[in-house]
Amino acid sequence: MVKPWQDTALSAHVRAADLLARMTIEEKTAQLSSVWLGAEPEDGEAADVAPGQHEYAATSAALAALLPYGLGQLTRPFGTVPVEPAEGAARLAALQRTIRAGNRFGLPALAHEECLTGFTAWQATVFPTPLAWGATFDPALVTEMAQAIGASMRAVGIHQGLAPVLDVVRDPRWGRTEESIGEDPYLVGTIGTAYVRGLEAAGIVATLKHFAAYSASRAARNHAPASLGPRELADVILPPFEMAVRDGGARSVMPAYNDIDGLPAHAHAELLTQLLRDTWQFNGTVVSDYYGVSLLEEAHRVADGEGGAAWLALTAGVDVELPAARCFSTAYPLPEGLLDRAALRVLTQKCELGLLDPDWEPVTGGAPVDLNPPHMRELARKVAEESVVLLANDSGVLPLGDGLRIAVVGPLAHEQAAMLGCYTFPRHVGVHHPELPVGVAVSTLAEALRAELPTATFVADPADADLCLAVVGDRSGLFGRGSSGEGCDAEDLELPYNQSEVLNRALASGTPTVIVVLSGRPYALGRWADRAAAVVQAFFPGQEGGAAVAGVLSGRVEPSGRLPLGVPRTPGGQPAPYLAPPLGRHGFPSTVDPTPLYPFGHGLSYTTFAWETPHCENPELATDGETSIRLTVRNTGDRPGIEVVQLYLHDPVGTVTRPEVRLVGYARVPLDAGAFAEVRATFPADLAAYTGADGRRVVEPGALELRIAASSAHVHHTVPLTLTGPVREVGHERRMRCEMRVK
């Protein structure tokens with residue numbers, strides 16, 4: 001007889017509740033637990049095991065202890081050690097059968113993986129890092145990429161992806177800047193939501209991280225306390241998460257490692273329950289960051305023992321402990337009401353994924369599995385090409401001509417590492433296996449240039465060359481094994497590895513020099529930019545990044561990337577985020593000029609564009625209304641190009657200090673030579689809302705300006721608006737987007 005929890009005609013919640021009522025305390029607790037096979041439990045480092053030797057160790061003590069009761073999650077069955085894709089799928093299926101056979105309800109585990117730069121598995125396509133997604137200003141392409149990544153994960157038995165990162169960059173010295181999308185909440189929200197939509201459309205549970213304020217840590221130090229007020233939290237940090245929950249349909253959230261004003265995120269009931277669930281109506285699962293529950297005891301010291309840490313986390317709203325069960329255990333009795341609340345959420349999600357269906361079977365594996373097929377490589381190439389930013393080209397030396405003698409200098413020109421972020425498999429796990437091939441083809445920039453420029457002659461000495469390409473940037477890594485990446489924070493924004501000498505020597509040669517930066521964060525270029533023939537920036541552009549950068553240099557690819565965060569002029573500290581209010585910018589009473597060398601949104605093309613005078617249909621609108629703006633953009637050059645029209649909001653007077661400008665809309669406009677297109681923006685008054693002195697988010701009557709711009713500092717047109725009517729409070733249902741259409 002089919003039990004109600006097995007009846008697919010019933011809702012997931014009803015089925016999960018029926019199953020929960022049949023479970024013992026031990027079985028409920030097991031659903032909140034995870035096992036990380038093949039990893040060292042004390043430090044999370046991958047085990048030193050080669051492909052073909054990897055065993056899932058079904059007899060391990062942790063798994064053996066849980067088998068009679070079931071298991072909530074399997075941690076990174078592909079992303080812990082290198083494993084052949086088909087072999088990995090077969091072994092995961094076998095492990096799932098073992099888990100099902102071990103518990104009386106026949107429940108499988110939910111398997112999760114990292115997918116920040118593609119599926120973090122050996123031989124899987126390596127996509128550009130999220131900072132490069134932001135540089136594309138192309139949500140549709142990011143959705144397409146995420147859906148392809150999700151489909152590859154689903155095909156081998158994975159259910160959940162630990163991405164995207166929605167931390168808004170506040171100080172680019174932070175090592176995890178490369179994992180973030182940018183310094184603007186609207187860009188992070190729209191691009192991040194696009195990624196969530198693609199992953200969820202493929203049937204993979206998207207996990208939003210890190211909730212919240214991780215990127216606002218003091219001195220940009222990993223895990224450090226976050227010093228920010230309630231308005232910065234509400235208006236800068238939280239909107240991307242809110243958008244991804246509401247508009248993206250994300251089904252999981254991961255708390256951050258940091259504390260906010262003394263309260264760790266993993267123990268923050270106001271954040272994880274009152275805001276996330278009660279206000280935003282999130283009904284998915286909250287999964288801990290790796291060892292985040294343990295850190296309540298070991299690092300934050302707000303818990304007395306593992307049992308106390310478990311109680312704090314469960315009370316706050318954490319449902320699953322990752323990557324392994326340390327605190328969520330029957331060794332520490334937990335209030336059954338909290339246990340039931342978390343277990344019901346886990347079981348409901350498993351039901352939604354089909355894991356409670358009586359006919360569920362694991363992906364069997366055995367057949368050939370290609371995690372790097374042509375369509376994935378093509379997508380990686382397209383994202384990489386759209387993300388390359390042409391910062392300067394005053395001399396007109398780019399695109400490169402035929403038959404040049406070119407010197408390529410700088411060690412990163414010859415390293416695959418310059419293309420790969422810290423959450424790519426080669427840099428995350430592969431570094432522990434130097435005897436293995438990378439698993440996918442990754443060209444260095446020097447190799448890509450030779451393929452791209454068959455008529456060029458490459459010489460060793462810049463003095464003998466017509467042109468010098470000086471390549472500088474980062475090597476990604478984890479916890480000190482690189483200059484960028486998790487735990488690789490910087491004291492300043494000086495180029496690492498003494499690469500300033502590379503630029504000094506190149507520029508001193510007298511040969512026209514193009515600076516190419518391949519990095520995970522922006523670096524200070526003020527000492528060299530005005531002497532360089534051109535400057536190009538790419539943010540860890542992935543396995544196809546070498547060809548993408550070479551294509552932009554040659555002119556085969558039209559540059560269309562825009563900066564997702566500003567590039568500083570000087571290395572000390574950071575440039576002022578463009579979201580700064582007037583006193584956060586340059587001027588009296590400080591002698592320090594924090595103005596970035598290249599501002600947020602900046603990027604050049606090889607053609608020219610004309611922006612005609614815009615038309616505003618209704619410059620006077622109510623505080624609950626909207627207006628439309630039309631603008632014609634024309635390609636006035638002799639080659640095709642892509643302009644990125646950006647819409648910024650300026651609020652002249654507020655009840656609290658306001659950013660001078662902030663992004664509220666954007667659109668990519670591809671145009672052939674001589675062609676034109678109309679861009680129409682629908683601006684809702686809700687986008688003028690901000691958190692006032694009393695903590696309420698309101699839209700106020702008064703004057704506003706919409707600035708139609710090529711960057712946050714390059715304004716083409718200003719459209720004055722007047723909001724009329726009463727002060728209006730807005731909440732979670734407010735409109736958070738400006739719809740931009742190109743005709």
If S387 passes every condition in (1) touching a Pro at 6+ places or on another chain (Cβ under 7 Å); (2) of a type in the set (S, T, N, Q); (3) surrounded by fewer than 19 Cβ atoms within 10 Å (Cβ to Cβ) but one, which one does it miss? (3)
If we keep only residues of the stretch 239-259 that are within 26 Å of D686 (Cβ to Cβ), in contact (Cβ under 8 Å) with a residue 40 or more places away in the chain and of a type in the set (A, V, I, L, M, F, W, C), then the residue surrounded by the fewest Cβ atoms within 10 Å (Cβ to Cβ) is M243
The correct count of residues that are assigned to a helix (DSSP H, G or I) and among the hydrophobic types (A, V, I, L, M, F, W, C) in the stretch 1-27 is 9
With the condition kept exactly as written, say whether any residue in the stretch 348-356 is at pLDDT 95 or above, crowded, with 21+ Cβ neighbours inside 10 Å, among the aliphatic types (A, V, I, L, M) and closer than 27 Å to Y291 by Cα. no
Determine the pairs where a residue that is over 15 Å from L339 (Cβ atoms) and in contact (Cβ under 8 Å) with a residue 12 or more places away in the chain, located within the stretch 11-35, has a partner that is of a type in the set (A, V, I, L, M) and in a helix (DSSP H, G or I) with Cβ atoms under 6 Å apart, the partner being 6 or more residues away or on another chain. V35/A62; V35/L63
Just to be sure before I move on: is V653 part of a strand (DSSP E or B) and either assigned by TED's automatic domain parsing to the domain that holds V719 or polar (S, T, N, Q) (or both) in the structure I sent? no
In the stretch 340-366, how many residues are among the charged types (D, E, K, R) and either within 15 Å of L71 (Cα to Cα) or in a helix (DSSP H, G or I) (or both)? 5
Six or more apart or on different chains, Cβ atoms under 7 Å: show the pairs whose first residue is in the stretch 500-511 and without any contact (Cβ under 8 Å) to a residue 60 or more places away in the chain and in a helix (DSSP H, G or I) and whose second is among the β-branched types (V, I, T) and buried (at least 20 other Cβ atoms within 10 Å of the Cβ). L503/V472; L503/I515; L507/T513
Pair list, Cβ < 8 Å and 6+ apart or interchain, from the stretch 113-135 residues that are free of Cβ contacts under 8 Å to residues at least 24 places away in the same chain to residues that are buried (at least 24 other Cβ atoms within 10 Å of the Cβ): none
Name the pairs whose Cβ atoms lie under 9 Å apart, with the first residue in the stretch 169-196 and within 19 Å of L649 (Cβ to Cβ), the second basic (K, R), and 6 or more positions between them or separate chains? E183/R170; D184/R662; P185/R662; Y186/R662; Y186/R737; G189/R737; T190/R737
Please determine, by comparing only the residues of the stretch 546-586 that are within 23 Å of L649 (Cα to Cα), modelled with pLDDT under 90 and within 25 Å of the chain's Cα centre (by Cα), which one is surrounded by the fewest Cβ atoms within 10 Å (Cβ to Cβ). A580
In the stretch 364-380, which residues are surrounded by fewer than 18 Cβ atoms within 10 Å (Cβ to Cβ) and either of a type in the set (A, V, I, L, M, F, W, C) or touching a Phe, Trp or Tyr at 6+ places or on another chain (Cβ under 7 Å) (or both)? A367
Identify the residue in the stretch 412-466 that is free of Cβ contacts under 8 Å to residues at least 24 places away in the same chain and over 24 Å from the mean Cα position of the chain (by Cα) and, among all such residues, is farthest from R176 (Cα to Cα). P454
Name the residues in the stretch 240-263 that are among the β-branched types (V, I, T) and assigned to a helix (DSSP H, G or I), would you? V245
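The values are calculated or read from the model by the stated rules, or taken from the named source; none is laboratory data. All figures in this text were calculated on a predicted structure; none of them were measured in a lab. Cβ sites come from the backbone with ideal geometry, for glycine too, and all protein chains shown count toward neighbours.
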